[in-house]
Amino acid sequence: MAEPLFQKVTLIGLGLIGSSLAHAMKRKGLAGHITGSARSNKTLKTALKIGFVDSVFEDAGQAVEDADLVILCVPVGICGTVCEQIGPHLKKGAIVTDVGSVKAAVIKACQPHIPQGVHFVPGHPMAGTEFSGPESGFAELFDNRWCMLTPLPDGDQQATDKMIEFWQACGANVETMTAEHHDVVAAVTSHLPHLIAYNIVGTADDLESVADQEVIKYAAGGFRDFTRIAASDPTMWRDVFLNNREAVLEVLGRFNEDLSQLARAIRWGDGDKLYETFERTRRIRQSILDEDKSKD
Ligand code: NAP
């Protein structure tokens, strides 16, 4: 059997992304040994029982001892604290990466705690579901999805190359970009859609003229899709919005302007404006489907 890419990998956080990564690594034999740490004992026990980790530690510092690769799979708001905890235990030459949905804030919080000689390669797999916890992970989560790496300007190229190889072996397509650009891209393609979903489901729930029971009973089509997205983990998404504030507010401003224009078109009976907009968005949907087909 071929040598694993890393002898020892430590996952801090064993929820949807952490457990999916462990399954993906096991599928391809990418790690000689996978160890994990999480906040609760319940998660550690579940992870061992499912068998996607080989060992677990309550203490994150102990978990990273001797690790060649450490992957932070915790909510973005806690990444800095975790790095502070593990910093003194990291092995020289190790790579530390993360999977956080926000990059600039995570880098700012983590970088000061990464010791000299340890390579930090921030990342974000653009793949997920509305489920969380150690039982929600599966090996195929990253297949054919994008993983964005945002290497530091003075980062180690070999470490970045190794992370590209790692993510490709986990099934993903990899792109590198700056953290700032990533945060704007993620705000448009992921953060704003989640905010809209949280908001629309909340609004429907608050409408006095429509009973809660009716919202549930008649939920169909578009609204049903929004409820799926709005079921996403509240801690994770609270942290995303608090840590990608500028980019989200910028994109939200644009969104509000465009929405006002649509409201105006409806008010004044401007069918051409509505038709034009819906035609343009339908073409975008078609391009996404074409892109998916070209990857098969
Ligand atoms: P999740 O399923 O809720 O798992 C989070 C994990 O972090 C849990 O194992 C939890 O431990 C652990 N944790 C929380 N606070 C901790 C602490 N203080 N110390 C140690 N461990 C702690 O979340 P997830 O969906 O995997 O998300 C993890 C990261 O991936 C986030 O940064 C998110 O932005 C990013 N991400 C998520 C998605 C998505 O769609 N879900 C997609 C791409 C990237 P317990 O189980 O013991 O509570």
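Since every read-out is calculated from the coordinates, none of them should be taken as a lab result. Not measured: the values here are computed from a predicted model. A quick note on method: Cβ atoms are made from the backbone with ideal geometry, for glycine too, and the neighbour counts reach across all protein chains shown.
Given the C-alpha centroids of the range 193-265 and the range 31-76, what is the distance between them in whole angstrom?
A separation of 34 Å, based on Cα centres.
What stretch of the chain, leaving out the sites themselves, is the longest with no GluC sites (Glu not before Pro) in a DSSP loop having at most 16 other Cβ atoms within 10 Å? Write out the running numbers ahead of the final one.
On the way: sites that count: Glu58, Glu65, Glu130, Glu135, Glu208.
Maximal segment without exposed cleavage sites: 209-296.
So how do Ile12, Ile216 line up by other beta-carbon neighbours within 10 Å, fewest first?
On the way: Ile12 28, Ile216 11.
Fewest-to-most ranking of Ile12, Ile216: Ile216, Ile12.
Which order do the peptides 40-47, 94-101 come out in when sorted by mean C-beta neighbours inside 10 angstrom, highest first?
Numbers: 40-47: 16.2, 94-101: 25.8.
Answer by packing, highest mean first, reads 94-101, 40-47.
Mind checking which lysines have their Cα closer than 27 Å to the Cα of Lys295? Skip sequence neighbours fewer than 8 apart in that chain.
Here the lysines satisfying the reach criterion relative to Lys295 are Lys26, Lys28, Lys103, Lys162.
Could you please rank Leu249, Leu72, placing first whichever residue has the fewest other Cβ atoms within 10 Å of its Cβ? Don't skip to the answer; put the middle values down first.
Working: Leu249 11, Leu72 28.
The most exposed by this proxy come first: Leu249, Leu72.
When the chain is modelled as a GNM with alpha-carbon springs shorter than 10 Å, which of Asp205, Asp239, Asp54 fluctuates the most?
Comparing Asp205, Asp239, Asp54 in a Gaussian network model of the chain, the most mobile one is Asp205.
If you restrict to DSSP beta bridges whose two residues both lie in the chain, what percentage is antiparallel, to the nearest 5? The partial results should precede the final answer.
Details: 3 of 26 bridges.
Expressed as a percentage, antiparallel bridges in the chain total about 10.
What ranking do His181, His113 get, fewest neighbouring Cβ atoms within 10 angstrom at the top? Show your work: numbers first, answer last.
Working: His181 14, His113 20.
With the sparsest Cβ surroundings first, the list reads His181, His113.
Could you pull out every Cys in the chain that lacks a partner Cys with its beta carbon under 4.7 Å away?
Cys73, Cys79, Cys147, Cys170
Taking square-rooted eigenvalues a ≥ b ≥ c of the alpha carbon gyration tensor, is the range 1-135 rounded, prolate or oblate, where a/c under 1.5 means rounded and, failing that, a/b exceeding b/c means prolate? Mind dumping the intermediate values first?
Working: a/c = 1.40, a/b = 1.16, b/c = 1.20.
Since a/c stays below 1.5, the shape of the range 1-135 is classed as rounded.
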